[in-house]
Amino acid sequence: MSLAEQFITHSVDNQAPPQGHYNAYLSDRVLREAVAREGGDWADAHLAAFGAVTGGEMMDLGFTANAHRPELRAFDRYGNRIDEVEFHPAYHRVMQLGMQYGVHAYAWRNSDRTGAHVARAALAYMHNQAEAGTACPLTMTHSAVPALLHQPDLAELWVPRINSYEYDPRVLPAAQKSGCMVGMGMTEKQGGSDVRANTTRAYPQADGSYEIVGHKWFFSAPMCDAWLVLAYLDAGLTCFLMPKLRPDGSRNAIRVQRLKDKLGDWSNASSEVEFLGAWAQRVGGEGRGVATILEMVALTRLDCMIGSAGLIRQSLVQALHHTAHRKAFGKRLIDQPLMRNVLADLALESEGATALTFRVARAVDASDRDAAEGALARIATAIGKYWICKRCPPAVNEAQECLGGAGYVEETGMPRLYRQAPLNSIWEGSGNIQCLDVLRALAKEPDTRDAFFAELQSARGGNADLDREVAWLSQALDDVATLELRSRMVVERMALALQAAVLVRAGNAGVADAFCASRLGGEHGLNFGTLSPNVALEPLIERATLAV
Ligand SMILES: Cc1cc2nc3c(=O)[nH]c(=O)nc-3n(C[C@H](O)[C@H](O)[C@H](O)COP(=O)(O)OP(=O)(O)OC[C@H]3O[C@@H](n4cnc5c(N)ncnc54)[C@H](O)[C@@H]3O)c2cc1C
């Protein structure tokens, strides 16, 4: 043995191999069941194609797009104001793939088919797992369509370009572009949840357009081609479409002040902007701004659920992979009883999140055809947005811990998932706002209560814990005097009951009974990994494991 060989003391073993590429659709039994159950499986071939992309090339690109954050280029080399954001090529490629498969447009392009929103939800679910920052502009672009349809002259120009599958980042007038992106500007410094506190004003011009003066404190996606923006007219808050370029092709008076230095969401450029008489056109009636933009927000809130369910799923995939390969104390981690409890519990959380998300996607899909589904979509979006987005950070953190120290290291991708995890709960109406929105729906649209209980009744007799919970909820909602104070508790239990009902009807008794016993029946602690010995852990872990 040479001297050099004697000094080789280090060999790497007992480390998980790289996850490798996989198909994020075909390998995900729970997702495929949900898509089929809610009527989107006619898109299976398309979803499988995107599954190969999101479990492959896009998964790799996600690391690069986040390692090289976008940078503001406020001026060109000659000192001209340009207010542009520079992105890494990996970001552009992710956007191009997302648009090519229709994450922003699949539901509208297939609106003649039942379940188009369900199929599109599956695209977004997979996209979020590979790269969540780009999900923000794709979501806003998708969600802008119903609001834009209020103004047919604007819709004629913009909607076909939104519905294009081409990513076109060039700075050109919309008419010359092959694809357009749309963002949203509501939040100001002095008020976000309470948009009535907005100070931005719109000034009518002789030609029917408006000039907008003011600011927005959060303005994600400043590279978009246009934004739906709230500003005051004498009649009240009104919605406007503010394009990046004026009709003559010159830059609109939108100044990007700076990009936000955020906890996570690093690939996404969130900015602060000022409007110095920016040219805009009205969308919807004067003073109807909140109602108009809420049509967009209803869809972005569903996307928050989709995103959080996707992040929970991806962190679980990583935890299952690692624990299947890493040994400690003579056995694989996945074979250690206590670790099995943690993994099975995370799998249950993922089942509940995915089941409710896709059920709500079906309700959204059916809203135009079926009033009861519309009412369910109205209330269940707020319920699900509150609960699933709140569950995301602890679930991702628990999955991260399954990797031990490696889960705290950037290369595994877990820190990125962890940084992203709280965001869906904060934006598009934070947790308390969702709870208050549930109360608003119950008070102002009584059919939402009927739709909620009808959904629970559809699973009646399927599980005793769920039946007891339905009785409790019925009483809890009747005590109106203290409802606002109790609304987090009530909405949490509404969410758990909805998740349980979908799982009971889905017909896998092992999953449904374990969910009901742990989430409704009290057989659970405050942390994950506290399932009772009565729960069969193996089938839960098996269902969550990559199928191919
Ligand atoms: C990364 C990122 C990107 C964003 N991008 C955009 C964007 O593109 N466009 C845009 O318009 N906005 C955007 N936002 C803003 C986001 O939607 C708001 O931050 C959010 O809605 C909360 O508003 P706020 O920050 O003003 O908080 P506040 O309204 O001040 O709320 C603070 C807290 O008080 C709670 N609260 C408020 N009212 C009540 C009440 N009545 N009872 C009990 N609790 C209450 C809220 O739930 C919250 O927890 C973005 C935010 C982030 C973090």
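The values are calculated or read from the model by the stated rules, or taken from the named source; none is laboratory data. Nothing here was measured: the structure is a model prediction, and the numbers come from that model. FYI the Cβ positions are ideal-geometry reconstructions off the backbone, even for glycines, and counts take in every protein chain you see. Ligands, DNA and RNA are stripped out before the accessible areas are found, and what is left, the full protein with its side chains, is counted by its heavy atoms. Shrake-Rupley method; radii C 1.70, N 1.55, O 1.52, S 1.80 Å.
Computed values, structure above
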item: Qualifying positions in segment 205-226 - part of a strand (DSSP E or B), open to solvent by less than 50 Å² (accessible area, probe 1.4 Å) and within 16 Å of the ligand (Cβ to nearest atom); result: Ile212, Gly214, His215, Lys216, Phe219, Ser220, Ala226
item: Gly310 being more than 16 Å from the ligand (Cβ to nearest atom), at positive phi and open to solvent by less than 50 Å² (accessible area, probe 1.4 Å); result: no
item: Any hit, segment 481-498, residues being closer than 19 Å to Leu302 by Cα, within 16 Å of the ligand (Cβ to nearest atom) and part of a loop (DSSP other than H, G, I, E, B); result: no
item: Qualifying residue in segment 118-139 (condition: aromatic (Phe, Trp, Tyr) and open to solvent by less than 10 Å² (accessible area, probe 1.4 Å)); result: yes
item: Ala324, sole failed condition from (1) part of a helix (DSSP H, G or I); (2) of a type in the set (A, V, I, L, M, F, W, C); (3) within 16 Å of the chain's Cα centre (by Cα); result: (3)
item: Pairs where the first residue, in segment 161-188, is farther than 17 Å from Gln96 by Cα and the second is of a type in the set (Asp, Glu) and open to solvent by less than 30 Å² (accessible area, probe 1.4 Å), C-beta under 6 Å, 6+ apart; result: Ala174/Asp225
item: Test: residue in segment 227-234 that is open to solvent by 40 Å² or more (accessible area, probe 1.4 Å), away from the ligand (no atom under 12 Å from the Cβ), closer than 23 Å to Leu157 by Cβ and in contact with a strand residue (DSSP E or B) (Cβ under 9 Å, 6 or more places away or on another chain); result: no
item: All positions within segment 264-279 that are more than 25 Å from the chain's Cα centre (by Cα), crowded, with 18+ Cβ neighbours inside 10 Å and within 15 Å of the ligand (Cβ to nearest atom); result: Phe275
item: Pick from segment 444-474, criterion free of Cβ contacts under 8 Å to residues at least 40 places away in the same chain and outside any helix (DSSP H, G or I), ranking: least open to solvent (accessible area, probe 1.4 Å); result: Gly461
item: Enumeration of residues in segment 509-518 that are in contact (Cβ under 8 Å) with a residue 60 or more places away in the chain and not small (Gly, Ala, Ser); result: Val511, Phe515
item: Hits in segment 336-364 (condition: assigned to a helix (DSSP H, G or I) and farther than 18 Å from Cys392 by Cα); result: Pro337, Leu338, Met339, Arg340, Asn341, Arg359, Ala361, Arg362, Ala363, Val364
item: Scope segment 394-452; condition of a type in the set (Gly, Ala, Ser), within 16 Å of the ligand (Cβ to nearest atom) and in contact with a Lys or Arg (Cβ under 9 Å, 6 or more places away or on another chain); matching residues; result: Ser425, Gly429, Gly431, Ala441
item: Verdict on Ala105 being under 22 Å from Arg29 (Cα atoms), in contact with a helix residue (DSSP H, G or I) (Cβ under 8 Å, 6 or more places away or on another chain) and away from the ligand (no atom under 16 Å from the Cβ); result: no
item: Helices (runs of 4 or more DSSP H) contained in segment 1-76 and holding at least 2 residues touching a helix residue (DSSP H, G or I) at 6+ places or on another chain (Cβ under 7 Å) and open to solvent by less than 50 Å² (accessible area, probe 1.4 Å); result: 29-37, 44-54, 57-67
item: Output for segment 240-260, where each listed residue is part of a strand (DSSP E or B), under 30 Å from Leu311 (Cβ atoms) and either within 12 Å of the ligand (Cβ to nearest atom) or among the aliphatic types (A, V, I, L, M) (or both); result: Val256, Leu259
item: Where Gly185 falls short, out of the listed (1) more than 19 Å from Leu299 (Cα to Cα); (2) at pLDDT 95 or above; result: (1)
item: Those residues of segment 475-495 which are within 18 Å of Leu348 (Cα to Cα) and crowded, with 22+ Cβ neighbours inside 10 Å, in sequence order; result: Met494, Ala495
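Residue-by-condition table, conditions (1) open to solvent by less than 10 Å² (accessible area, probe 1.4 Å); (2) within 16 Å of the ligand (Cβ to nearest atom); (3) within 30 Å of Asn80 (Cα to Cα):
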{"residue": "Lys262", "(1), (2), (3)": "no, yes, yes"}
{"residue": "Ile293", "(1), (2), (3)": "yes, yes, no"}
{"residue": "Thr300", "(1), (2), (3)": "yes, yes, no"}
{"residue": "Ser315", "(1), (2), (3)": "yes, no, no"}
{"residue": "Ala344", "(1), (2), (3)": "yes, no, no"}
